[in-house]
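In what follows, a single structure is set out as structure tokens and then discussed.
The values are calculated or read from the model by the stated rules, or taken from the named source; none is laboratory data. Not measured: the values here are computed from a predicted model. Cβ placement follows ideal geometry from the backbone for every residue including glycine, while neighbour counts extend to all protein chains displayed. To get the accessible areas, we keep the full protein, side chains included, count just its heavy atoms, and leave off ligands, DNA and RNA. Shrake-Rupley method; radii C 1.70, N 1.55, O 1.52, S 1.80 Å.
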Amino acid sequence: LAFGAPLRIGPGVEAIAGLDLRRCREGSYDFRITGKGLFMATRYSAGEQRDWIVSTTSHPAIRTPMTGSNRLAVTAKGDRVRVFLNGQLAASFRDTTLRRGTMGLSAFCGEEPAAVTFSDLTLFEPG
């Protein structure tokens, strides 16, 4: 299964938004873009232990300033997960920890107010 959506963060730099994959009692995979234009990928285990797949870092595909739109997409088939930023591969990994669960959108703001917008959510079977 694959899904993705353009997202826009602005103007709060403390905001974080992204996609959740295979969320279940055992944990989830979370893929985020920050208001500072950084990317991260994590696996949360039960009990909220975080394992970094990609530590918070810049990525050349992220369009800044963050008031512009950035498309975040995730494909998952079996143990292979791939993450795309504006059509460019940002992360690819294999992991058997989480095999199924729900998917979703997420947004968090720090103490500074921020607006996060998702549009044109797409679900599809990867080719």
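With a probe of 1.4 Å, find how much accessible area the chain has per residue, and write the answer as a whole number in Å².
On a per-residue basis, 54 Å².
Per residue, how big is the convex hull around the C-alpha atoms of segment 1-73? Give it to me in cubic angstrom, could you?
About 89 Å³ per residue, rounded to a whole number.
Can you find, among MET40, ALA90, LEU7, the residue sitting farthest towards the positive end of the charge dipole of the chain, where Lys and Arg contribute +1 and Asp and Glu -1 at Cβ?
Value: ALA90.
Under a Cβ-only charge scheme (Lys and Arg +1, Asp and Glu -1), can you give me the dipole magnitude of segment 12-127 about the Cα centre, in debye to the nearest 20?
Working: 15 positive and 12 negative charges, 93 e Å.
In debye, rounded to 20, segment 12-127 gives about 440.
In percent, how large is the relative contact order of the chain, given Cα pairs closer than 8 Å and 6 or more residues apart?
37 percent.
Principal axis extents for the chain, Cα atoms only, whole Å, descending order, please.
Projected onto the principal axes, the Cα atoms of the chain cover 37, 35, 23 Å.
Mind ranking 46-55, 90-99, 14-23 by how tightly packed they are, going by the mean number of other C-beta atoms within 10 angstrom, highest first?
Listed from highest to lowest mean packing, they are 14-23, 90-99, 46-55.
If you roll a 1.4 Å probe over segment 1-40 with all protein chains in place, what percent of the accessible area is carbon or sulfur?
Carbon and sulfur together cover 56 percent of it.
When the Cα centres of segment 22-57 and segment 61-127 are compared, how far apart do they sit, in Å?
11
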